[in-house]
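For reference, the structure is listed below as structure tokens.
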Amino acid sequence: MGFFDRFRKENKVKTEQRMSRELEDWNDIVYARGNLDMEDPVQRREYVENCLQQMAEASRELDGLQFEYRTVTSYLRDMEEIDALPIEQRAEINACAAKIRENQIQQEEYMRRTSRMTDEEFEKMERLQKEARSGAEKLKEAESYQKKVKNDLRRLDSEHEAYLYRQEEIEHSIDLTGKLMITVAVCLMVALVALFVVGKVLELDVIYGYMAAIFFAALLVVYIFFKNEEAKKDLKRVKNDIVRLIQLQNKVKIRYVNNKNLMDYLCLKYGVTSARELDKLYDKFLKEREERAKHADAQRKLDENQKDLIYMLGHYQIQDPDIWIHQVEALLDHKEEVEIRHNLNGRRQSLRQRIEYNRDVVAGNAKSEIEDLVRMYPAYAQEIIDMVDRYEEMYPGI
């Protein structure tokens, strides 16, 4: 391995490590109360409002997640209902499913000569065709937004480090001005003693020397004092900026995590790795569907059997019988059923993690932070409670 190969390999490892640290940090929601001045009404209201905004955003996210979670749960419940059917009823469904599978095999033999897609791909896209294009747009938007959020987080991380460095500089400056005040006082005393000794020894009039020493010392003290006060004001501004920056980082982190989870879920749902892949798969599906439309006569029998299956499943109180005409293998083959169940459980687990993150981490931590503020600062408890009441009127359910 040459020098440049080793260099590229080491650089790639370092980049992966840095990105891994960034991902861990961006998933973390930080509440920095160390630099927060609770006596400042502006800072206090901004901090509480930030917590309430996190709760409101989590509530909005939870509404959509819970709807999708109920949908996936409904699919799993349908599978349990079918498995629980009596033997005779299940045999009727299996017989109908077997006819459908036989028709599908006939179509496969014909389509094998011209097919651009496998039946598995076609059936999958057929199940998702109503939402595939919108799903691709959502995924495309999420990918684009993820890049922007990453850039924002990197920029905010850099700004945070710059503010911390500036805070250290100002604190060092304040410490230095204090030492300079002491130095000026010591130098003044030394000068006065020296003038006194010279005046006594040489019998000179050193009154102007006293005046000059005191005058210059006073000028230095005034200059250092104003510099010190200016530095303290700068330090307060920097600390306020750090508090606001951390609050902004928290907002962006929440959006980053939710958007990343949305991308992961969409990829899991459609079985792709990117919006571009989903677009290609959908375009491929459209061409395939057009070809298959030419064989409508052969398809008619398949349609009839599928209608029979939908009717039977509907008769047995299956909530979403339409989906089963595209996965009859799951009715005939236990392994296929297990695989579909595993996919649905994976989707539900992903949704559950997102629900728990928004409910426990985002909303839960923000709520705990507000409750802790009420306990820690009873003087402002009523004000905080009033802000919470107003937010609950605007966003019911937070």
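Okay, here's what the table says:
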quantity: Residues of segment 230-257 classified as closer than 20 Å to residue 142 by Cβ, in contact with a Lys or Arg (Cβ under 8 Å, 6 or more places away or on another chain) and either β-branched (Val, Ile, Thr) or surrounded by fewer than 19 Cβ atoms within 10 Å (Cβ to Cβ) (or both), total; calculated: 0
quantity: Residue in segment 76-94 that is at pLDDT below 80, surrounded by 19 or more Cβ atoms within 10 Å (Cβ to Cβ) and not hydroxyl-bearing (Ser, Thr, Tyr) present; calculated: no
quantity: Hey, residue 301 assigned by TED's automatic domain parsing to the domain that holds residue 53, over 30 Å from residue 136 (Cα atoms) and in contact (Cβ under 8 Å) with a residue 40 or more places away in the chain or not; calculated: no
quantity: Top-ranked residue in segment 45-65 [being surrounded by fewer than 18 Cβ atoms within 10 Å (Cβ to Cβ) and under 20 Å from residue 243 (Cβ atoms); ranked as farthest from the chain's Cα centre (by Cα)]; calculated: 45
quantity: Residue within segment 163-183 that is within 24 Å of the chain's Cα centre (by Cα) and either at pLDDT below 85 or among the polar types (S, T, N, Q) (or both) present; calculated: no
quantity: Residues satisfying the stated conditions in segment 353-381, i.e. assigned to a helix (DSSP H, G or I) and exposed (fewer than 15 other Cβ atoms within 10 Å of the Cβ); calculated: 353, 356, 360, 368, 371, 372, 375, 376, 378, 379, 381
quantity: Test result for residue 257, under 18 Å from residue 69 (Cβ atoms), modelled with pLDDT of 85 or more and among the β-branched types (Val, Ile, Thr); calculated: yes
quantity: Which listed residue, of 117, 125, is assigned to a helix (DSSP H, G or I) and among the hydrophobic types (A, V, I, L, M, F, W, C); calculated: 125
quantity: Answer from 312, 263 - the residue that is more than 29 Å from residue 138 (Cα to Cα) and surrounded by 17 or more Cβ atoms within 10 Å (Cβ to Cβ); calculated: 312
quantity: Residue tally, condition over 19 Å from residue 72 (Cβ atoms) and among the acidic types (Asp, Glu), over segment 328-348; calculated: 2
quantity: Scan of segment 259-291 for residues that are outside any helix (DSSP H, G or I) and either free of Cβ contacts under 8 Å to residues at least 12 places away in the same chain or touching a helix residue (DSSP H, G or I) at 6+ places or on another chain (Cβ under 6 Å) (or both), ordered by number; calculated: 272, 273
quantity: Filter pass, residue 213 being farther than 30 Å from residue 259 by Cβ, without any contact (Cβ under 8 Å) to a residue 60 or more places away in the chain and either assigned to a helix (DSSP H, G or I) or of a type in the set (Ser, Thr, Tyr) (or both); calculated: yes
quantity: Filter result for residue 99 (surrounded by 13 or more Cβ atoms within 10 Å (Cβ to Cβ), within 19 Å of the chain's Cα centre (by Cα) and of a type in the set (Lys, Arg)); calculated: no
quantity: Per-region count, segment 15-44, residues assigned to a helix (DSSP H, G or I), modelled with pLDDT of 75 or more and surrounded by fewer than 14 Cβ atoms within 10 Å (Cβ to Cβ); calculated: 2
quantity: Sole exception among (1) over 25 Å from residue 341 (Cβ atoms); (2) over 28 Å from the mean Cα position of the chain (by Cα); (3) in contact (Cβ under 8 Å) with a residue 60 or more places away in the chain for residue 294, by number; calculated: (3)
quantity: Single residue of segment 192-229 satisfying the filter (over 55 Å from the mean Cα position of the chain (by Cα), surrounded by fewer than 14 Cβ atoms within 10 Å (Cβ to Cβ) and of a type in the set (Val, Ile, Thr)) that is nearest to residue 172 (Cα to Cα); calculated: 214
quantity: Residue that is in contact (Cβ under 8 Å) with a residue 40 or more places away in the chain and either part of a helix (DSSP H, G or I) or of a type outside the set (Lys, Arg) (or both), where the choices are 200, 253, 233; calculated: 253
quantity: Flag for residue 68 being within 28 Å of the chain's Cα centre (by Cα), assigned to a helix (DSSP H, G or I) and at negative phi; calculated: yes
quantity: Residue in segment 377-391 that is at pLDDT below 85 and among the basic types (Lys, Arg) present; calculated: yes
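The values are calculated or read from the model by the stated rules, or taken from the named source; none is laboratory data. Owing to the predicted nature of the structure, the values given are computational and were not obtained by experimental measurement. Cβ atoms come from the backbone with ideal geometry, glycine included; neighbour counts cover every protein chain shown.
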